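Report on the following structure.
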Amino acid sequence: MSMRGFLIALSGLVGVLLLNQPFFSLLFLLLLFVIVIRSKNKSLILILCVIILLFSFRTFLSEQLYETNFTGEERSLEGKIIDIPFIDGNFVTFQVKVDSHESIKVNVRLKTETEKMMYQQLKPGFTCSFVGTLDKPYDRGNPGNFDYKQYLEQQGVYWILTLERMEHCTAKSVTILDRIKQYRQKGLEMIDARFPEGTVGVVQSLLFGERNALDNEILDAYQTLGLIHVLVVSGLHVGVVLAILYWILLRLGFVRERVHLLLLFFLPLYVILTGAAPSVMRAAIMAAAVIIGFILRKKLHPLESISYAFLLLLFYKPNFLYHVGFQLSFLISFGLIVSSTLITTYFHSTWTRIVAVSAIAELISIPIIMYYFHHLAILSILVNVMFVPLFSIVVLPLSFFSFFMTIVAESLAKPFTIFLEFLISFIHKTLLMMDSFSFSSLVLGQTNVFVIFLYFLAIFYLFIQLERQRKLTWHTMKYVIPFLLLLFVHVSYPYVNPYGKVTVINVGQGDSILIELPYRKAVYLIDTGGTLLFGGEEDWQQRTNQFDVGKDVVMPVLKAEGIRKVDKLILTHGDEDHIGGASAIMNEVKVNEIVYGKSENFDDNEKQLLQEAYEKNIAISFVHEGISWQKGSYSFHILGPVGHEQSKNDR
């Protein structure tokens, strides 16, 4: 019975891919055909064809719907705020629905603290008039950089309004959905105001699916080490919440049948309260299927429930298919479901099963992580075994308990929030330490779709062979060889590639040029760009996570190129828009040598940068006109400075 749901889900996938990804649509259609023929269930063929046509038509309608009605010349708009305004220092952003299907992104640069206080009063559901300038979202300017334009277009957003003024805000058309979002906003504000600072980001993530308050360095550690999923509201969170509610309602005297109905009513509210990400929507639909099974006294196979959840979400929004969270959530859940027999057969203790689940989840997610984030988390299994049980058994339940205790009696909640702060601080210090290890992750560079397909084949082959074994022995490790060979070729490719490459990185004002010699004989980075700051900022203007050109623009390019080491970081002179990103580069990637223009005088910023390089044991070479070096058949010559220039720009 479970195969029927899977085949229908596969048909929906084929239908969504048919218009824009014909190659992959054909690939999955071939897989569908093979499974149907092998299962000898030819009566399904007509149903599957109808599903393919239905989802193809739904995708077509969705693309027709997501077309802008604006020209860019408009200056004055009216619309409803549909998400919680995000305020960080002197910057505010939120999304506004301007007609039945189109939304715009609104960005505001605040001028005064009073203006900031006014924007803090905005809530989802408010209808306002906006005056400003419409601009298209920027394209991804460099390899590896986040494609913000594509991200917004997948949400039906084609314009960004740089706001000049806002007026006439009313709550005249607030819906029930808006009210639920407002409760979510109040919950986030309460956590921000009443919880210890070190716990805010994690508690907001676990309870409401909001990660904006997390420090970027901490968030990067979760991401790099493969632990980011614990901060994404998904099956674990839904399971814990439903278990707590189930227990409370039974203790209050409700009969089981009434409890099941109340839980079904609660699930969509919980989805909205936690931000309605694909992962929580998937978990909620699967949980609802289980509850309905209890009500009807009919057991539904998990493969059936995940298949129908996949179908429902794709039909609701076909663009979900290109959402990395959607892909990871369904792939990992599907992999664990079909591997459940393998886990229960070969692993009997709790800890070995935790290791097995972590290993399977890691293996399944590897190709997706490679494709989007260009790295392989080496320590992922270890980190997951260490921290997933801690989050599941302690951090998540304690966060819920502390939140509700804070509502009831804040003073009674203090001991629990203090312990939570200690626990989260310990976790974060450990993660940052592990992330600092050079072997914590392996940067692989941008991986094309064909190679990703080969990785999936190697992983699929491994699982098939493991399923066929009577027991697991060291001899079964031979089935990992295709995956390891592919990884070896992947890592080695730059060192056998006979072509060099020069990339002029778009860093805005300033320069940054990446030079890669053939066979990866050397990697040189000339300047790093930087952010120019004009004058000091008041406390209310300062952002939680400052933009850094080195970390946010240059490093993604290095990762996309698979660069793990920079042989020479060549800094032409000390202006901020040339060396401002250098510190981040030195922190993120191994730098063998800094080549710096000779001078009689260095300003404070230059001295600080050179001191940092010295403390990191990076060789520093001060160069001037006439110096050169040879790398293979390639020569590099310094044309300036002479060494006594008065201005940095003259070096």
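The values are calculated or read from the model by the stated rules, or taken from the named source; none is laboratory data. Please read these numbers as outputs of a predicted model, since none were measured by experiment. With ideal geometry, Cβ positions are generated from the backbone for all residues, glycine too; neighbour counts draw on all protein chains shown. Each accessible area value is taken on the protein alone, full model and side chains, heavy atoms only, with ligands, DNA and RNA left out. Shrake-Rupley method; radii C 1.70, N 1.55, O 1.52, S 1.80 Å.
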Restricting to Cα pairs under 8 Å and 6 or more apart, the percent relative contact order of the chain works out to 10 percent
Go through segment 489-593 and name the trypsin sites (Lys or Arg not before Pro) that are in a DSSP coil and have 14 or fewer other Cβ atoms within 10 Å of their Cβ. Lys521, Arg543
Taking the Cα atoms of segment 139-262, report the difference between the largest and smallest coordinate on each principal axis, in whole Å and largest first. 59, 46, 31
If you count only protein heavy atoms and use a 1.4 Å probe, how large is the accessible surface of Leu245, to the nearest 10 Å²? 50 Å²
For a paramagnetic label modelled at 7 Å from the Cα of His101 toward its Cβ, which residues of segment 143-170 fall within the zone defined by backbone nitrogen distances under 16 Å? 153-159
Heavy-atom accessible area with a 1.4 angstrom probe orders Thr71, Thr447, Thr175, most exposed first, as Thr71, Thr175, Thr447
Using the Cβ atoms and a cut-off under 9 Å, what net charge is assigned to the surroundings of Ile82, where Lys and Arg are +1 and Asp and Glu are -1? +1
Going down the table (Lys80/Lys551; Lys80/Lys559; Lys501/Lys551; Lys116/Lys607; Lys136/Lys429; Lys317/Lys478), which pairs top 32 Å between alpha carbons? Lys80/Lys551; Lys80/Lys559; Lys116/Lys607; Lys136/Lys429; Lys317/Lys478
Quick calc, Leu26 & Val50: beta-carbon distance into FRET formula, R0 22 Å, rounding 0.05, result 0.70
Helix-only mean residue ellipticity at 222 nm, the chain, DSSP H runs n ≥ 4 weighted -39,500 (n - 2.57), per residue, nearest 500. What is it? -17000 deg cm²/dmol
Between helix 256-273 and the chain, what is the angle of the helix's C-alpha long axis to the longest principal axis, kept within 0 to 90° and rounded to the nearest 10? 20 degrees
Taking Lys and Arg as +1 and Asp and Glu as -1, residues besides Lys501 with C-beta under 11 Å from its C-beta add up to -1
To the nearest 20 Debye, how big is the dipole of the chain about its Cα centre, given +1 on the beta carbon of each Lys and Arg and -1 on that of each Asp and Glu? 3840 debye
For Phe453 and Ser492 in one chain, what is 0.36 nm times their gap in residues minus the Cα-Cα distance, to one decimal in nm? 12.2 nm
Pairing rule first: another cysteine's C-beta must sit under 4.7 Å. Under that rule, which cysteines of the chain stay single? Cys49
Note, Leu177: beta-carbon cut-off 14 Å, +1 each Lys/Arg, -1 each Asp/Glu, net +4
With a 1.4 Å probe and every protein chain left in place, tell me how much accessible area Met166 has, in Å² to the nearest 10. 30 Å²
Near-label residues of segment 304-325 by backbone N, under 11 Å of a point 7 Å along Cα→Cβ of Asp147: 322-323
If you keep only loop residues by DSSP, which trypsin sites (Lys or Arg not before Pro) in segment 150-252 have at most 15 other Cβ atoms within 10 Å of their Cβ? Lys172
SASA check, Thr170, accessible area w/ 1.4 Å probe, all protein chains in place, rounded to nearest 10 Å², comes out at 60 Å²
Can you tell me the 0 to 90 degree angle between the C-alpha axis of helix 410-435 and the longest principal axis of the chain, rounded to 10? 60 degrees
Would you please name the trypsin sites (Lys or Arg not before Pro) within segment 288-372 that are DSSP coil residues with at most 15 other C-beta atoms within 10 Å of their C-beta? Arg297, Lys298, Lys299
Express in nm, to one decimal, how much length is gained between Glu115 and Arg470 on full extension, taking 0.36 nm for each residue of separation and deducting their alpha carbon distance. 120.9 nm
Restricting the calculation to Cα positions, tell me the Rg (one decimal) and the Dmax (whole number) of segment 570-621 in Å. 10.1, 30
